[in-house]
Amino acid sequence: MSLITPDFGLLVWMTLIFSIVLFILAKWGFPMITRSVRERAERISASIRKAKEAEDALRNLAEQQARLVESAKAEQLRILQEAAASRDALIEQAKAQAQDEAGKILSRAREEIAAEKETALREIRSLVADLSVDVAEKVLREELSAEGRQEAYIGRLVDELTAVQTGGDPKN
Amino acid sequence: MRLKYFLLLLLFPLACLPVSGAADPQELDMDEYLYGHIRDAYEWHITTVNGHPVSIPLPVILYSKASGWHCFSSRHLEGGESWQGFFIAPAGEKYENKIVERGPGGDLVRPLDFSITKNVLGLMFNCTLLLVIVLGCARWYRRHDAREEVPSGGVGLMEMLVTMVEDDIIKDCVGEDYKRYSPYLLTAFFFIFLNNLMGIVPFFPGGANITGNIAVTLVLAMFTFFAVNLFGNRHYWKDILWPDVPTWLKVPVPLMPVIEIIGMFTKPFSLMVRLFANILAGHLMILGVVAVIFLTAELGTAINAGLSAVAICLGVFMDILELLVAFIQAYVFTMLSAVFIGLSRQHPEKEINTD
């Protein structure tokens with residue numbers, strides 16, 4: 001049966017042709033295709049990974065942003081509260097200071113008034129004394145213009161003085 | 001409507017055939033018909049018009065021990081004629097249908113025959129086609145940035161096939177250093193697939209029974225044999241020469257090593273026979289189904305037409321089946337080659353643990 005006996009000539013030709021085909025395709029054919037496909041597959045998986053990373057980063061960023069906003073709000077509230085507190089404190093302080101100052105001014109005014117009053121009193125007193133002395137002098141001069149009266153007066157004064165000296169000082 | 005016309009067109013030659021058969025009643029030589037289509041030939045017979053064969057003569061290249069090199073057209077050998085002392089051995093003789101010469105004792109001597117036969121020409125044509133297809137695809141990748149673009153059309157189809165073969169067969173079966181073997185296995189796959197397909201095409205550039213020829217499958221199996229045994233690692237050779245079996249199977253009589261060494265050769269042998277037998281059987285089946293049309297020509301127009309319709313339906317079915325077989329055989333050859341290569345490159349777990 002010639003069907004199952006390999007023919008020598010065909011064997012040689014087949015070896016030659018297949019070797020050439022294998023050489024050409026293994027050098028310029030299939031590696032080019034498989035390499036390109038592999039590169040593309042790598043690129044696609046890298047792209048997917050990058051997209052996932054970007055998505056994660058975006059989510060992180062959003063979270064960070066939210067956190068930032070939240071902390072900013074808290075900070076704002078805190079600052080506002082602090083400001084209110086310090087404002088209140090300032091007002092309190094100012095009030096206290098004002099009261100203090102007012103009290104001081106008042107007391108000083110009072111003291112001054114008292115001093116003024118005293119000086120005034122003193123002046124009035126000395127004025128009154130002077131006046132009374134003058135009046136007394138005038139009165140006395142009027143009274144003592146008559147002779148009899150001078151003597152009567154002197155006598156009364158002497159009586160008075162002696163009365164004061166004898167009975168006027170019971171402690172002695 | 002179109003389908004109906006198409007079927008009518010298919011049936012049209014059937015209407016003519018019984019008439020011509022009746023006009024020229026010649027016995028159909030079944031052996032000649034079947035083997036003429038599946039065996040190699042010195043000329044490429046295309047058709048026969050009015051009893052005259054239309055064929056392409058092919059160059060005959062011979063080396064005779066007695067008279068040296070000879071090169072002439074196969075036209076000179078038509079009809080059993082002799083040329084420069086060479087002739088085609090007639091049926092029934094030794095070396096039938098091969099070119100022989102008369103030796104000094106008058107017996108038939110076969111010269112070294114390097115003729116461009118039908119199969120060699122078909123092989124050249126198919127390989128040129130394969131080179132054009134694959135290099136054309138490779139050119140697309142060279143001209144485009146494959147990371148940015150995806151091919152469409154024919155290149156896309158080839159990419160799909162290449163990716164399928166590489167990912168499903170080569171990567172899984174060979175293992176880690178598959179990149180080294182993938183050009184060979186891809187070449188084998190596409191070589192077998194294209195030659196199988198061209199074998200189904202019934203007219204001129206196709207129709208040569210290439211992958212159904214044992215010389216072709218023998219060479220393919222030899223390539224796998226060398227790919228397995230030339231690059232096998234030490235685990236592979238240890239498994240053959242000193243396998244993990246009880247010592248009495250190895251030492252006085254090297255029973256297992258002998259079996260393993262026989263196994264080295266039976267693996268490619270099975271590859272060779274499987275591809276050869278499958279494709280040959282497919283061709284024979286189609287030829288047999290088509291032969292029904294001619295065999296029933298003498299039985300009258302009605303029977304002939306009925307059986308022809310059946311034969312055409314069966315023929316269409318067989319052709320579609322052969323398309324499937326063409327793919328499956330290419331797939332199986334590549335997969336088994338990849339498995340054998342993978343076995344020669346394995347690093348067994350146990351081996352690593354005991355080291």
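Scanning the stretch B:34-46 for residues that are within 14 Å of chain A (Cβ to nearest Cβ) and open to solvent by less than 70 Å² (accessible area, probe 1.4 Å) yields B:L34, B:G36, B:I38, B:R39, B:D40, B:A41, B:Y42.
Among the residues of the stretch B:142-161, is any within 30 Å of B:S344 (Cα to Cα), within 10 Å of another protein chain (Cβ to nearest Cβ), aliphatic (A, V, I, L, M) and in contact with a Ser or Thr (Cβ under 9 Å, 6 or more places away or on another chain)? So far as the stretch B:142-161 goes, no, none of its residues is within 30 Å of B:S344 (Cα to Cα), within 10 Å of another protein chain (Cβ to nearest Cβ), aliphatic (A, V, I, L, M) and in contact with a Ser or Thr (Cβ under 9 Å, 6 or more places away or on another chain). Looking across A:T5, A:T34, one residue alone is open to solvent by less than 60 Å² (accessible area, probe 1.4 Å), of a type in the set (S, T, N, Q) and either out of contact with any Cys (no Cβ under 8 Å at 6 or more places or on another chain) or at the interface with chain B (Cβ under 8 Å from one of its Cβ atoms) (or both). It is A:T34.
Put simply, of B:V54, B:V49, B:V60 the only residue that is open to solvent by less than 70 Å² (accessible area, probe 1.4 Å) and more than 14 Å from every other protein chain (Cβ to nearest Cβ) is B:V54.
What about B:E101, is it farther than 30 Å from B:Q346 by Cα, more than 9 Å from chain A (Cβ to nearest Cβ), in a strand (DSSP E or B) and of a type in the set (D, E, K, R)? It is true that B:E101 is farther than 30 Å from B:Q346 by Cα, more than 9 Å from chain A (Cβ to nearest Cβ), in a strand (DSSP E or B) and of a type in the set (D, E, K, R). So, in the stretch B:117-138, how many residues would count as being more than 7 Å from chain A (Cβ to nearest Cβ) and either surrounded by 14 or more Cβ atoms within 10 Å (Cβ to Cβ) or on the phi > 0 side of the Ramachandran plot (or both)? Of the residues in that region, 7 qualify. Checking each residue of the stretch A:108-117 against the condition of being surrounded by 10 or more Cβ atoms within 10 Å (Cβ to Cβ) and over 45 Å from the mean Cα position of the chain (by Cα) gives at least one match. The residue that is most open to solvent (accessible area, probe 1.4 Å), among those in the stretch B:63-75 that are among the hydrophobic types (A, V, I, L, M, F, W, C) and in a strand (DSSP E or B), is B:W69. Residues in the stretch B:162-177 that are open to solvent by less than 60 Å² (accessible area, probe 1.4 Å) and either within 7 Å of another protein chain (Cβ to nearest Cβ) or free of Cβ contacts under 8 Å to residues at least 60 places away in the same chain (or both): B:V162, B:T163, B:M164, B:E166, B:D167.
The values are calculated or read from the model by the stated rules, or taken from the named source; none is laboratory data. Note that the coordinates shown come from a computational prediction; the quantities given were computed from them, not determined experimentally. As a convention, Cβ positions derive from the backbone with ideal geometry for all residues, glycine included, and neighbour counts pool all protein chains shown. The protein model used for the area step is the full one, side chains on, heavy atoms only, and it has no ligands, DNA or RNA in it. Shrake-Rupley method; radii C 1.70, N 1.55, O 1.52, S 1.80 Å.
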